[in-house]
């Protein structure tokens, strides 16, 4: 079992839909990142969370430290949101990033 | 402010050869970390450098090595290439090492081993 699990692996949505991507982890962490990767490879860090909730535009990220779970929400999804979304947990013991396997999102116009 | 620059962007090598990849971090960032991304294993941490010292490393064989220069630019080297080394190699820069901080990734170097 991976130490960082994401679901779903693939997601297709219609433009305008509300999207949720989930990330669960089994290790102790000091922070969790949500990353976005577009075709071609470049990765952008969307959020870094250690507690609570953050919002940026149509994107919302939450984390529950006790339940070891984080979610990324996209409101009013748009085709330009089509990308792979990856959660990355920064472990508190070994100070390394462990990555989820990614969620491939496709938003149809 | 210039972003993280990785060179080369694409390269093709044959088994047994060695390869060197370069990463120039954002100005003022002293930490550079390297990652390997493959379809099967996803993103995996290779190593992290700060102030010319390797501060942390992942679970990769000794064929994978790196270094960091006084201007914070970093290189990674893979010797005796194997087919399984075909991957996207990404570097990220941040202000500090050993703490969770905002990461800035380069576009990656895509290595194909034939």
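The values are calculated or read from the model by the stated rules, or taken from the named source; none is laboratory data. Every value quoted in this text rests on a predicted model; they were computed, and no experiment measured them. Cβ atoms come from the backbone with ideal geometry, glycine included; neighbour counts cover every protein chain shown.
A compact table of results
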{"read-out": "Which numbered condition residue A:102 misses (of (1) buried (at least 20 other Cβ atoms within 10 Å of the Cβ); (2) away from every other protein chain (no Cβ under 13 Å); (3) farther than 19 Å from residue B:100 by Cβ)", "value": "(2)"}
{"read-out": "Residue within the range A:75-98 that is crowded, with 20+ Cβ neighbours inside 10 Å, within 14 Å of another protein chain (Cβ to nearest Cβ), farther than 26 Å from residue B:87 by Cα and in contact (Cβ under 8 Å) with a residue 12 or more places away in the chain present", "value": "no"}
{"read-out": "Output for the range A:85-109, where each listed residue is within 18 Å of residue B:46 (Cβ to Cβ) and in a strand (DSSP E or B)", "value": "A:86, A:88, A:89, A:90, A:91, A:97, A:98, A:99"}
{"read-out": "Residue B:44 within 14 Å of chain A (Cβ to nearest Cβ), surrounded by fewer than 21 Cβ atoms within 10 Å (Cβ to Cβ) and assigned to a strand (DSSP E or B)", "value": "yes"}
{"read-out": "Pair list, Cβ under 6 Å, 6 or more apart: the range B:95-114 residue facing chain A (nearest Cβ under 8 Å), other residue exposed (fewer than 15 other Cβ atoms within 10 Å of the Cβ)", "value": "B:100/A:30; B:110/B:10"}
{"read-out": "Odd one out for residue B:72 among (1) more than 16 Å from residue A:44 (Cα to Cα); (2) over 10 Å from the mean Cα position of the chain (by Cα); (3) crowded, with 20+ Cβ neighbours inside 10 Å; (4) within 11 Å of chain A (Cβ to nearest Cβ)", "value": "(4)"}
{"read-out": "Subset tally (residues that are surrounded by fewer than 16 Cβ atoms within 10 Å (Cβ to Cβ) and within 22 Å of residue A:17 (Cβ to Cβ)) for the range A:55-68", "value": "4"}
{"read-out": "Condition broken by residue B:36, with the remaining ones in (1) under 22 Å from residue A:32 (Cα atoms); (2) within 11 Å of chain A (Cβ to nearest Cβ); (3) out of contact with any helix residue (DSSP H, G or I) (no Cβ under 9 Å at 6 or more places or on another chain); (4) surrounded by 13 or more Cβ atoms within 10 Å (Cβ to Cβ) satisfied", "value": "(3)"}
{"read-out": "Residue check, residue B:66 more than 27 Å from residue A:47 (Cα to Cα), more than 10 Å from chain A (Cβ to nearest Cβ), at pLDDT 95 or above and not in a strand (DSSP E or B)", "value": "no"}
{"read-out": "Residues located in the range A:3-33, provided they are surrounded by 18 or more Cβ atoms within 10 Å (Cβ to Cβ) and within 11 Å of chain B (Cβ to nearest Cβ)", "value": "A:4, A:6, A:29, A:31, A:32, A:33"}
